[in-house]
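Undergrad: First, the structure itself, so that you have it in front of you.
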Amino acid sequence: MAFRVYRFHGLVDVLVDDGVSASLQRSIDFQIAHFRDEGEATAPWRIEVFPYERVADVDADAATRFHLSQAVTGSLLDMPPQRVALRVEAWGYSLFLHGGSGFLMVALQLLLHAQGLSLVHAGAISDPSGRVILLPGAGGVGKTALIARLVRDCRCQLLGDDVVALSDRGRVLSVPRAFVLKEYHRETLPDAFASAARRPRRVSPGVRRALRFAYRNAPFMGVTLKLLSMAGVLENVVARFRPPAEIEAVPVSSLFGPSAVAAEGPLRETVFLERYAGAAFRFEPLDGKALVRRLFSIMHHEWVDHMRAFWQLGAVEIADLPAYFIEMARILEAATAAPASHILRIPEAATPEELTRCFLEKVSL
């Protein structure tokens, strides 16, 4: 049996079976390609990932039902509609997945908790002295653009722009996922956009056939589009229903160079980023308990697509969810107890340049 090995800070090894689909492999690489390594598993815990089709049949005599899933209490959860399964092992978990890698991060979180760490939805940079500034905030608030400028222009190193790990000893561990370029990053990362534009776009044959059929068979297609455009209707419809443009995921090393990533560092301070309807930037102290509540909530908000499986792990006694919530709160409280915490309220229309300028005025680097 051949595996790809990913070593997460010597704490958890992730082994991915060579038989997984290309799309699942790409999804896993997006999350943890930075930790790709060779050799045998040596960490105290590990996660092995297999194609969903290889999940062992549940023993009918031992199986229980929970909604649309089947399970063996305390050891196996199989969710056929989602094509996700998890089996408890002495060394961690076996995962059987069909689609994306999001549930892999949930399993990683459970194993990190056993070692006093928790994933959080936040960016992080280390200042020139090696101390870490944590930058939590909801998706789209400006974390990626701000971090890109700080790494590029201020001698900072990156630990992650979307997810990092906090330890109960006040250290931050890097999770440097690939940067997901979106249309609003065009001014911040022009070189990356230029490179992406040169790559040929793939359009599946099925999509091409559907578009060709619509164009050939819709009555008066050209005239209709022209009239809609002249009336301003077409632009309004497109603007309303067009999803945010995601160009591609770009490895951090290709954006900033291989030395731009820090492995870990002590937490210096936290600046929670939040967009609001006001007209002026506001930089205010953030109560420690409020920070913990926010960190706790936005991490699980990121995992909303996997919460059904998460709750079912508790229902079949694979995970002790009350203990999980208590432990996560403890880790976050311990990690953020000493350093200062602030909230930076960002006007809704503020540009990346304005955000960076305000940040540098308030936070010394």
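The values are calculated or read from the model by the stated rules, or taken from the named source; none is laboratory data. This is a predicted model, so every value here is computed, not measured. No Cβ is skipped: glycine too gets one built from the backbone with ideal geometry, and neighbour counts run over all protein chains shown.
Undergrad: Take Phe310 and tell me if it is assigned by TED's automatic domain parsing to the domain that holds Glu284, part of a helix (DSSP H, G or I) and buried (at least 18 other Cβ atoms within 10 Å of the Cβ).
TA: Working: assigned by TED's automatic domain parsing to the domain that holds Glu284: yes; part of a helix (DSSP H, G or I): yes; buried (at least 18 other Cβ atoms within 10 Å of the Cβ): yes.
For Phe310, the condition - assigned by TED's automatic domain parsing to the domain that holds Glu284, part of a helix (DSSP H, G or I) and buried (at least 18 other Cβ atoms within 10 Å of the Cβ) - is met.
Undergrad: Looking only at the stretch 123-135, count how many residues are in contact with a Pro (Cβ under 9 Å, 6 or more places away or on another chain) and assigned to a loop (DSSP other than H, G, I, E, B).
TA: Number satisfying all stated conditions: 2.
Undergrad: Quick check: is even one residue across the stretch 42-58 touching a helix residue (DSSP H, G or I) at 6+ places or on another chain (Cβ under 7 Å), touching a residue at least 24 places away in the same chain (Cβ under 8 Å) and farther than 23 Å from Glu264 by Cβ?
TA: First, the residues of the stretch 42-58 that are touching a helix residue (DSSP H, G or I) at 6+ places or on another chain (Cβ under 7 Å): 45, 47, 49.
Okay, now just the ones that are also touching a residue at least 24 places away in the same chain (Cβ under 8 Å), so 45, 47, 49.
So of that shortlist, the ones also farther than 23 Å from Glu264 by Cβ come out as 49.
Yes, there is a match, as at least one residue in the stretch 42-58 is touching a helix residue (DSSP H, G or I) at 6+ places or on another chain (Cβ under 7 Å), touching a residue at least 24 places away in the same chain (Cβ under 8 Å) and farther than 23 Å from Glu264 by Cβ.
Undergrad: Asp161 - would you say it is of a type outside the set (Val, Ile, Thr) and buried (at least 22 other Cβ atoms within 10 Å of the Cβ)? Give the derivation first.
TA: Working: of a type outside the set (Val, Ile, Thr): yes; buried (at least 22 other Cβ atoms within 10 Å of the Cβ): yes.
So Asp161 fits the description; yes.
Undergrad: Please find, among Arg131, Arg83, Arg26, the residue that is surrounded by fewer than 19 Cβ atoms within 10 Å (Cβ to Cβ) and either on the phi > 0 side of the Ramachandran plot or modelled with pLDDT under 90 (or both).
TA: Numbers: Arg131 fails: either on the phi > 0 side of the Ramachandran plot or modelled with pLDDT under 90 (or both); Arg26 fails: either on the phi > 0 side of the Ramachandran plot or modelled with pLDDT under 90 (or both).
That would be Arg83, the only listed residue that is surrounded by fewer than 19 Cβ atoms within 10 Å (Cβ to Cβ) and either on the phi > 0 side of the Ramachandran plot or modelled with pLDDT under 90 (or both).
Undergrad: Spot the failing condition for Tyr6; the list is (1) of a type in the set (Phe, Trp, Tyr); (2) in a strand (DSSP E or B); (3) at pLDDT below 95, and only one is missed.
TA: Condition not satisfied by Tyr6: (3).
Undergrad: OK, next. Would you point out which residue out of Pro258, Pro285 is closer than 15 Å to Leu158 by Cα and either in contact with a Gly (Cβ under 7 Å, 6 or more places away or on another chain) or surrounded by fewer than 17 Cβ atoms within 10 Å (Cβ to Cβ) (or both)?
TA: Details: Pro285 fails: closer than 15 Å to Leu158 by Cα.
Among Pro258, Pro285, only Pro258 is closer than 15 Å to Leu158 by Cα and either in contact with a Gly (Cβ under 7 Å, 6 or more places away or on another chain) or surrounded by fewer than 17 Cβ atoms within 10 Å (Cβ to Cβ) (or both).
Undergrad: Could you check Tyr324 against (1) in a helix (DSSP H, G or I); (2) farther than 15 Å from Leu112 by Cα and say which number it fails?
TA: (2)
Undergrad: Ok, one more. Please specify each residue of the stretch 88-109 satisfying the condition of being within 16 Å of the chain's Cα centre (by Cα) and of a type outside the set (S, T, N, Q). Even if it seems obvious, please write down each step before you answer.
TA: Initially, the stretch 88-109 is screened for residues within 16 Å of the chain's Cα centre (by Cα), giving 99-109.
Of everything in the stretch 88-109, those that are within 16 Å of the chain's Cα centre (by Cα) and of a type outside the set (S, T, N, Q) turn out to be Gly99, Gly100, Gly102, Phe103, Leu104, Met105, Val106, Ala107, Leu108.
Undergrad: Give the residue, chosen from Gln31, Gln70, that is crowded, with 18+ Cβ neighbours inside 10 Å, touching a residue at least 24 places away in the same chain (Cβ under 8 Å) and not small (Gly, Ala, Ser).
TA: Values: Gln70 fails: touching a residue at least 24 places away in the same chain (Cβ under 8 Å).
That would be Gln31, the only listed residue that is crowded, with 18+ Cβ neighbours inside 10 Å, touching a residue at least 24 places away in the same chain (Cβ under 8 Å) and not small (Gly, Ala, Ser).
Undergrad: Looking only at the stretch 34-67, which residues are part of a strand (DSSP E or B) and surrounded by 17 or more Cβ atoms within 10 Å (Cβ to Cβ)? Full working, then the answer.
TA: Pass one, the stretch 34-67, residues part of a strand (DSSP E or B): 36-37, 45-51, 64-66.
Scanning the stretch 34-67 gives Trp45, Arg46, Ile47, Glu48, Val49, Phe50.
Undergrad: Looking only at the stretch 136-158, which residues are outside any helix (DSSP H, G or I) and either outside the structural domain of Glu348 (by TED's automatic domain parsing) or of a type in the set (Val, Ile, Thr) (or both)?
TA: Keep residues of the stretch 136-158 that are outside any helix (DSSP H, G or I), which gives 136-142, 154-158.
Of everything in the stretch 136-158, just one residue is outside any helix (DSSP H, G or I) and either outside the structural domain of Glu348 (by TED's automatic domain parsing) or of a type in the set (Val, Ile, Thr) (or both), namely Val141.
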